[in-house]
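Just below is one structure, and these are the notes that go with it.
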Amino acid sequence: MREFITGNQAAVRGALRAGCDFFAGYPITPASSILSDFIRAFANGEGVAIQTEDEIAAIGQCIGAAMTGAKALTASSGPGLSLYSENIGLAQMGEVPLVIVDCQRMGPATGGATATGEGDVLFARHVTSGGYPHPVLAATDAATAYRLTYEAFNIAERLRTPVIVLLSKDIALTRQTVDLDAIGLSPIVNRAPAADGVYRPYAVASPEDVPAFAPIGGERLTRFTGSIHDENGVLTTNRTKIGATLTHLNAKIHAAEAWLEHTEEDLEPGAPTLIVSYGLADGAAREAVRVLRARGHRVSHVTLYTLWPIAERVLLRAANAAVERVIVPELNIGLYADELRRVLRYPRIESLTRYDGGLISPQTIIETVEAGAHRESSLC
Amino acid sequence: MLIVTAKRADMCYCPGCSHGMILEALGKAIDRLCRPSHEICIVSDIGCIGTADRYFSCHTFHGLHGRSLSYAEGIKRARPDLLVIVLIGDGGCGIGTAHLVHGARRDAGIKIVVCNNFNFGMTGGQHSATTPCDAKTTTTPCGATDHPFDICATVAANGASFVARHDVFDARLVDHLEEMLRAPGFALVDIWELCTAYFVPSNRLNRGSLAELSDRLGMPFGMIRHHLPPVSAQPVEDRRSAPIKRNGLSPNDSRVVRLTGLPAQTVPALPWNTRREITVAGSAGQRIRSALGVIGELAVSSGLHAAQQDDFPITVRKGFSVSSLIVSPDPILYTGLDHPDLVVLLSKDGTERFGDLSALAENCSVVVDNDLPIGDTPARVIPMVPSAWEKELAREAVSLAAVAFAFVVAGLIAPDLLSRAAEAGLSGPYREENLRAIRLGAAQSEIELRGCTFVAASGGQS
């Protein structure tokens, strides 16, 4: 059944589809409708939704609830993500399954509350102190807002980690045709329950493993902590144990890299041009690829739904020996293109940016590709 | 089994520090409740008292500075049956004041033990929110000048059900804590105590002078507020069924679908076999987005794809409101508008925001409120007088009539097809009002088309 819904509505439905039963948030454009939709969805008591005094309390309540076993979500925009910062670190250290939706808007600071922008792509990755990783996904439209919010819960549950899902104003508030039934989803994942016997909250057999979960309020007592801890959740100064805990926080994400890579490859053998896109620019890139191919250009395209961990295997495969230029359209000052320069050393990476609140149009991408193609041919 | 597992002497606190006394008293008070330990959760804040979680044999949660109140509230909301106790210092109450005040306002059912020793012990004796005037700390070497934060008065004034202040040496401290733990709603005990590492040596505070300090500051010991919270403020323990958690909801589950209204109806096929781009530019309050959204919904119900993107400032009932709709038989990859087929101008704000009309194509139609001056354009300009329809329609529905009128006069749809589509596809509480608006707009456009009274604006074509 086709529906006509916004990216925010799609994200709420993806969360409910995944079993989300706790939401806390604070009003902010363009994320506010997620809050009001959850208040309505849980009015009958099937879940808990609350508007808190600020974003710090919102994520704090989510973390507390998540450790009782709830599947928790909070949603905000860039300014709110700033306030989540310290608690995202807590969620990393305490290994909390938690999903955060960031409906990006033009920044920095208050920026343009009702204007689009996708400048949080690096901030979402490096949002907290300490330097440990968590997955970041980026929706391209309402359909992927639904799918990725759903998948974010599965990632959060399997890896016991905070996961950030990026939308932006013109995805969050734009209504699009979506057939939710037709969207393929992976099976629901629930955090691994602790086996019978003595429960050690942070015990893992090897660094890339994820500790089994016993909820606060369950019959087996559990300890949660954001301080450096041993396998029992007790503060430790033992360097061997400190090293093991911190190595584990990194290893569990990296070990799952291949599973975390949500991408779409549309590769044309021998194409000299590769377009790598994510977020709002992706639709324009697809449209541009269609037109360019119709005009006889050979062009490949990769869509990144996972921004972190960076999909290195996919990118290295796509940027094969035939590729001479990689074009990266994005609605910021060229942030992700810089990351791609680190991963893809050989082909020339060209940043195509717009950050005035308007969209990058297919025509702009077409012109960029064709201008380069002409330049190549005139050089020959 | 006792809830506190360590002896005071074995705890990590400085000689003479009162934290151990508080933990001992709290442990005894909890033990008196005779609740299984797995129904209890201690949430510890940051600072010396933040290390106390390890001494409790129940669920424990140790998070960030000042935020213990938010974790505790989240735990309590998700599991209202648990006894959730916060251990927090005066520093935590300072940095977490917002959570303290708003937790009190919500009368959230958490129990708070404030270990108030008037300074930051763990970080080197700096002044805290509760440092008394004139007190010497490492950051107030000449004596504190700020008014000390009255935690009890603040939460009592803001809805907390149970508020008390006590001296750690009070012989009935265990009784007081037990009473607090048994109280429903947001319950807080502010316990004044000694930091022997910093505050005591700098300020000659001792067991005897805590009462003098209380007198001097006008912050009395004893019960500050004790009343039963309103029933509505209390989490209902058996209300939450949470059946959705394990397997999620199907996308068509009624609990999900209700968020977006009724499922789409089937409407007759609409004649848009290529991508069409439409912009409506008006002002906030004119229901611009709703009006164009109705057409988008009809398009989707007829089996087409649609995308509606909006542009508006941060103001709510003032300023421009511009909405753009794309309809297409194919999925819409790019939701921006490059070549509008129809531009509807309904206000001065909207017209200014839309901007330059000279770049429009000749085959674009600009349907404009007759009262609005517009610039040169090669597009076909068609005037309308929506104000004339206000007699027959609710004011809020006029924009939809104007949009219907514009779609027909621009040749995007036949009037009878639009009316039939609306009849078949509209639903929800505004169905009748919207149907009337579409029929009126379609009827007016028929008159317009029969009369062929298109007026050429400067540079336009009739």
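The values are calculated or read from the model by the stated rules, or taken from the named source; none is laboratory data. Predicted model, so just to flag it, every value in this text is computed and none were measured. We place every Cβ from the backbone using ideal geometry, glycine too, and count neighbours over all the protein chains shown.
Has the stretch A:200-218 got at least one residue that is closer than 24 Å to A:MET67 by Cβ, surrounded by fewer than 17 Cβ atoms within 10 Å (Cβ to Cβ), in contact (Cβ under 8 Å) with a residue 12 or more places away in the chain and touching a Pro at 6+ places or on another chain (Cβ under 9 Å)? Looking through the stretch A:200-218, at least one residue is closer than 24 Å to A:MET67 by Cβ, surrounded by fewer than 17 Cβ atoms within 10 Å (Cβ to Cβ), in contact (Cβ under 8 Å) with a residue 12 or more places away in the chain and touching a Pro at 6+ places or on another chain (Cβ under 9 Å). Here A:THR263 does not fit the description of being among the hydroxyl-bearing types (Ser, Thr, Tyr), modelled with pLDDT of 95 or more and farther than 24 Å from A:TYR336 by Cα. For the criterion of being closer than 19 Å to B:ARG32 by Cβ, touching a Ser or Thr at 6+ places or on another chain (Cβ under 7 Å) and of a type outside the set (Gly, Ala, Ser), B:VAL174 fails. Here B:ILE46 qualifies as aliphatic (A, V, I, L, M) and within 14 Å of another protein chain (Cβ to nearest Cβ). Figure legend. Inter-residue proximity from the stretch A:284-295: first residues more than 13 Å from chain B (Cβ to nearest Cβ), second residues assigned to a helix (DSSP H, G or I) and at pLDDT 95 or above, beta-carbon distance below 9 Å, spacing 6+ or different chains. Indicated pairs: A:LEU292/A:ILE365; A:LEU292/A:ILE366; A:LEU292/A:VAL369; A:LEU292/A:GLU370; A:ARG295/A:ILE366; A:ARG295/A:GLU370. The set of residues in the stretch A:328-354 that are surrounded by fewer than 20 Cβ atoms within 10 Å (Cβ to Cβ) and of a type in the set (Ser, Thr, Tyr) comprises A:TYR346, A:SER351, A:THR353.
Among the residues of the stretch B:4-42, write down those that are assigned to a loop (DSSP other than H, G, I, E, B) and either surrounded by fewer than 21 Cβ atoms within 10 Å (Cβ to Cβ) or polar (S, T, N, Q) (or both). Outline the logic, then answer.
The initial filter retains those residues of the stretch B:4-42 that are assigned to a loop (DSSP other than H, G, I, E, B), namely B:5-7, B:11-18, B:34-36.
Selection gives B:THR5, B:ALA6, B:LYS7, B:MET11, B:CYS12, B:CYS14, B:PRO15, B:GLY16, B:SER18, B:CYS34, B:ARG35, B:PRO36.
May I ask you to say which residue of A:ASN250, A:ASN238, A:ASN232 is outside the structural domain of A:HIS297 (by TED's automatic domain parsing) and touching a strand residue (DSSP E or B) at 6+ places or on another chain (Cβ under 9 Å)? When all the criteria are applied, what remains is A:ASN232. Residues in the stretch A:249-289 that are under 18 Å from the mean Cα position of the chain (by Cα) and in a loop (DSSP other than H, G, I, E, B): A:ALA256, A:GLU261, A:HIS262, A:TYR278, A:GLY279, A:LEU280. Take the residues in the stretch A:176-197 that are away from chain B (no Cβ under 13 Å) and in contact (Cβ under 8 Å) with a residue 12 or more places away in the chain, then tell me which one is nearest to A:ASN8 (Cα to Cα). It comes out as A:ALA192.
Within the stretch B:225-246, identify whether any single residue is modelled with pLDDT of 95 or more, in a loop (DSSP other than H, G, I, E, B) and in contact with a helix residue (DSSP H, G or I) (Cβ under 9 Å, 6 or more places away or on another chain), and answer yes or no. No, there is no match, as no residue in the stretch B:225-246 is modelled with pLDDT of 95 or more, in a loop (DSSP other than H, G, I, E, B) and in contact with a helix residue (DSSP H, G or I) (Cβ under 9 Å, 6 or more places away or on another chain).
For the stretch B:329-349, residues that are out of contact with any helix residue (DSSP H, G or I) (no Cβ under 7 Å at 6 or more places or on another chain) and either within 13 Å of B:GLN309 (Cα to Cα) or more than 9 Å from chain A (Cβ to nearest Cβ) (or both) total 11.
Out of the residues in the stretch B:134-165 that are in contact (Cβ under 8 Å) with a residue 40 or more places away in the chain and over 36 Å from the mean Cα position of the chain (by Cα), which is surrounded by the fewest Cβ atoms within 10 Å (Cβ to Cβ)?
Filtering the stretch B:134-165 for residues in contact (Cβ under 8 Å) with a residue 40 or more places away in the chain gives B:135-138, B:148-156, B:158-165.
Going one step further and asking which of them are over 36 Å from the mean Cα position of the chain (by Cα), we end up with B:135-138.
On the way: B:ALA135: 20, B:LYS136: 20, B:THR137: 22, B:THR138: 14.
Filtering the stretch B:134-165 for residues that are in contact (Cβ under 8 Å) with a residue 40 or more places away in the chain and over 36 Å from the mean Cα position of the chain (by Cα), the one surrounded by the fewest Cβ atoms within 10 Å (Cβ to Cβ) comes out as B:THR138.
Can you tell me which residue among A:ALA11, A:ALA70 is within 26 Å of A:GLU219 (Cα to Cα), touching a strand residue (DSSP E or B) at 6+ places or on another chain (Cβ under 6 Å) and either more than 7 Å from chain B (Cβ to nearest Cβ) or at pLDDT 95 or above (or both)?
Details: A:ALA11 fails: within 26 Å of A:GLU219 (Cα to Cα).
That would be A:ALA70, the only listed residue that is within 26 Å of A:GLU219 (Cα to Cα), touching a strand residue (DSSP E or B) at 6+ places or on another chain (Cβ under 6 Å) and either more than 7 Å from chain B (Cβ to nearest Cβ) or at pLDDT 95 or above (or both).
Residues of the stretch B:376-406 that are among the basic types (Lys, Arg), more than 37 Å from the chain's Cα centre (by Cα) and exposed (fewer than 13 other Cβ atoms within 10 Å of the Cβ): B:LYS391 alone.
Can you find, within the stretch A:326-346, the residue that is nearest to the chain's Cα centre (by Cα) among those that are assigned to a helix (DSSP H, G or I) and in contact (Cβ under 8 Å) with a residue 40 or more places away in the chain? First the steps, then the outcome.
Step one: list which residues in the stretch A:326-346 are assigned to a helix (DSSP H, G or I), which gives A:335-343.
Checking which are in contact (Cβ under 8 Å) with a residue 40 or more places away in the chain leaves us with A:335-336, A:339-340.
Numbers: A:LEU335: 16, A:TYR336: 14, A:GLU339: 16, A:LEU340: 17 Å.
Step by step, filter the stretch A:326-346, then rank; the result is A:TYR336.
Kindly establish whether A:GLU46 is at pLDDT 95 or above and surrounded by fewer than 24 Cβ atoms within 10 Å (Cβ to Cβ). When the stated conditions are applied, A:GLU46 does not pass them. For the stretch A:34-53, what are the residues that are at the interface with another protein chain (Cβ under 7 Å from one of its Cβ atoms) and either in a loop (DSSP other than H, G, I, E, B) or of a type in the set (Ser, Thr, Tyr) (or both)? Matches in the stretch A:34-53: A:GLY45, A:GLU46, A:GLY47, A:GLU53.
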